[in-house]
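> Would you mind keeping the following structure in view while I ask a few things?
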Amino acid sequence: PHLLPLPKPRRTPQEEATRMMMAGAPMFWGAEIKAGNGTAIDPDIDEVFHLTHFALGEGAKDGERVTISLESEDGKFVIGTLVKDRCDQFSADLLIAGGDLATLK
């Protein structure tokens, strides 16, 4: 008789993310940050987050300036400023290593 291979067990998204990180493969993610709020960045000790791109979201108002900043125990640092139809997006090269806690606003 002809035997078919057994299907591989499916991994949960968290299991797959862990497997990819352990293999050294980069992971890509995005986050929308609403005005007045922030997003905490708290990588595990063996992780490094590489922030590379910032853009205005939908609903940006003409002429409105949006300042992107990073807050950590060392202080608050301005990364850049976005203005609709003048500077809708910009690139950066920021690394946040495991053990560092920062908030992107």
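The values are calculated or read from the model by the stated rules, or taken from the named source; none is laboratory data. Since this is a predicted model, take the numbers as computed values, not measurements. Note that we place each Cβ from the backbone using ideal geometry, even for glycine, and neighbour counts take in every protein chain shown. When the accessible area is computed, the model is the full protein with side chains, heavy atoms only, and any ligands, DNA or RNA have been set aside. Shrake-Rupley method; radii C 1.70, N 1.55, O 1.52, S 1.80 Å.
> Within the range 45-100, which GluC sites (Glu not before Pro) sit in a loop by DSSP and count at most 10 neighbouring Cβ atoms inside 10 Å?
Sites meeting the loop and neighbour criteria: GLU58, GLU73.
> Okay, next question. Heavy atoms of the protein only, probe of 1.4 Å, neighbouring chains included. What is the accessible area of ILE45 in Å², nearest 10?
For ILE45, solvent-accessible area is about 150 Å².
> If you don't mind, there's one more thing I want to ask. For the range 32-74, run through the trypsin sites (Lys or Arg not before Pro) and keep only the ones in DSSP coil with at most 12 other Cβ atoms within 10 Å of their Cβ.
Sparse-neighbourhood loop trypsin sites (Lys or Arg not before Pro): LYS34, LYS61.
> Collect residues whose amide H, placed 1.01 Å from N in the peptide plane, falls under 5 Å from the amide H of ILE41; neighbours closer than 5 in sequence don't count.
Residues meeting the criterion, in which the H sits 1.01 Å from N, are ALA102, THR103, LEU104.
> Turning to a different aspect of this structure: Subtracting the Cα-Cα distance from 0.36 nm times the residue separation, let me have the gained length for ALA40 to THR67 in nm, one decimal.
Taking ALA40 through THR67 to full extension adds about 8.1 nm, to one decimal.
> Continuing with the same structure: Under a plain spin-label model, where a point goes 7 Å from the Cα along Cα-to-Cβ, how far apart in nm are LEU101 and CYS87?
About 3.1 nm, to one decimal.
> Which aspartates and glutamates does LYS61 reach when only Cα atoms under 15 Å apart count, and residues fewer than 8 places away in its own chain are ignored?
ASP85, ASP88
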